[in-house]
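Note sheet for the following structure.
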Amino acid sequence: MTKSGFKITSFISPTIQFILAFATFILSVTFSLEQNRISKLQYSPLFILSINQLFGKDYTPTQSEKFDIFNEGYSINNYNYKLHSIMNVAYTLNNKSYEKKFYVDYFSVQSKKSGGKDRMSGGIGENNILLFSNLKRQIIKNFNDKGINLINIELHHYSEISYSDTELKGNYVYFADSERVTKDIYDNYLAGIDGYYTISLYSPNIDEIISRTLRGN
């Protein structure tokens, strides 16, 4: 009995020791990984993209809209960005649905810093809200005159931000409007754009826009 009990005890003790050692190892690795993650977060930028309507001194809304990109995290180097304002025209013709995308010169004046933090870049378009509303109305009227009534026109802004971190490693961040997205989603939004034509809000050629929209359909 004693001998048997001794054998069981001898067998269990090393097993428990191994389990405890393994659990300690797992906890140590987990703690190390978490500390590493926290450390990276502490030395990482935090980008925020905002798109807002401008207001006058008396707080009345204007017909102009602006965008700003802020870094509220750690300072960076080699900052750059691309912001694409894209008009998507979806319509139905002969019971078939079609879609066309165009670049729009929506934020006509833009600026940026090369590094650091806080406000990194921004842009504004004078009366761009009003001008885009007029553009939509003219396009829809032209479509209606051609007997096309099922039309939907939307404007979205897609951004790619590039920068170097503390280890001088290149990084990219993507936005759809003000929402952070993956590169695949960003690339999908930009797919199929008419890359050889940009619509000017200040002097839009409606006939050219309609011709390019209907081309090949």
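The values are calculated or read from the model by the stated rules, or taken from the named source; none is laboratory data. Here the structure is a predicted model, which means the values were calculated and not measured. We place every Cβ from the backbone using ideal geometry, glycine too, and count neighbours over all the protein chains shown. Note: accessible area is taken over every heavy atom of the protein model, side chains too, but ligands, DNA and RNA are not part of it. Shrake-Rupley method; radii C 1.70, N 1.55, O 1.52, S 1.80 Å.
Going residue by residue through region 74-87, is there one that turns out to be under 20 Å from residue 134 (Cβ atoms), in contact with a helix residue (DSSP H, G or I) (Cβ under 7 Å, 6 or more places away or on another chain) and among the β-branched types (Val, Ile, Thr)?
Start the filter on region 74-87 by keeping residues that are under 20 Å from residue 134 (Cβ atoms), which leaves 85-87.
Among the residues that remain, those that are also in contact with a helix residue (DSSP H, G or I) (Cβ under 7 Å, 6 or more places away or on another chain) are: none.
No, region 74-87 contains no residue that is under 20 Å from residue 134 (Cβ atoms), in contact with a helix residue (DSSP H, G or I) (Cβ under 7 Å, 6 or more places away or on another chain) and among the β-branched types (Val, Ile, Thr).
Return yes when residue 173 is among the β-branched types (Val, Ile, Thr) and open to solvent by 20 Å² or more (accessible area, probe 1.4 Å) and no when it is not. Taking the combined requirement at face value, the residue does not satisfy it. Would you point out the residue of region 146-170, among those that are modelled with pLDDT of 95 or more and of a type in the set (Asp, Glu), that is least open to solvent (accessible area, probe 1.4 Å)? Checked region 146-170; the qualifying residue least open to solvent (accessible area, probe 1.4 Å) is 160.
Give the residues of region 55-82 that are on the phi > 0 side of the Ramachandran plot and not in a strand (DSSP E or B), sorted by residue number.
Filtering region 55-82 down to residues on the phi > 0 side of the Ramachandran plot leaves 59, 78.
Hit for region 55-82 is 59, nothing else.
Restricted to region 100-217, the set of strands (runs of 3 or more DSSP E) holding at least 2 residues that are in contact with a helix residue (DSSP H, G or I) (Cβ under 7 Å, 6 or more places away or on another chain) and under 25 Å from residue 55 (Cα atoms) comprises 151-164. Among the conditions (1) more than 30 Å from residue 150 (Cα to Cα); (2) surrounded by 13 or more Cβ atoms within 10 Å (Cβ to Cβ); (3) over 18 Å from the mean Cα position of the chain (by Cα), the only one that residue 109 does not satisfy is (2).
Applying the criterion of being small (Gly, Ala, Ser) and under 28 Å from residue 163 (Cα atoms) to the residues of region 22-65, the residue that is modelled with the highest pLDDT is 50. Here 206, 140 are screened, and the one residue that is over 24 Å from the mean Cα position of the chain (by Cα) and open to solvent by less than 40 Å² (accessible area, probe 1.4 Å) is 206.
Whenever a residue of region 122-151 is within 28 Å of residue 83 (Cβ to Cβ), its partners that are assigned to a loop (DSSP other than H, G, I, E, B) and small (Gly, Ala, Ser), lying with C-beta atoms within less than 8 angstrom and at least six residues away or across chains, give the pairs 123/108; 124/108; 125/108; 126/108; 128/108.
In this structure, is residue 44 small (Gly, Ala, Ser), in contact with a strand residue (DSSP E or B) (Cβ under 6 Å, 6 or more places away or on another chain) and not in a strand (DSSP E or B)? Give the steps one after another, and end with the answer.
Numbers: small (Gly, Ala, Ser): yes; in contact with a strand residue (DSSP E or B) (Cβ under 6 Å, 6 or more places away or on another chain): yes; not in a strand (DSSP E or B): yes.
For residue 44, the condition - small (Gly, Ala, Ser), in contact with a strand residue (DSSP E or B) (Cβ under 6 Å, 6 or more places away or on another chain) and not in a strand (DSSP E or B) - is met.
The residues in region 192-207 that are over 23 Å from residue 124 (Cα atoms), at pLDDT below 95 and out of contact with any strand residue (DSSP E or B) (no Cβ under 7 Å at 6 or more places or on another chain) can be counted, and the count is 1.
Residues in region 176-190 that are over 11 Å from the mean Cα position of the chain (by Cα) and open to solvent by less than 50 Å² (accessible area, probe 1.4 Å): 190 only. Residue 95 falls short on exactly one of the conditions (1) over 19 Å from residue 174 (Cβ atoms); (2) touching a residue at least 40 places away in the same chain (Cβ under 8 Å); (3) open to solvent by 20 Å² or more (accessible area, probe 1.4 Å), and that condition is (2).
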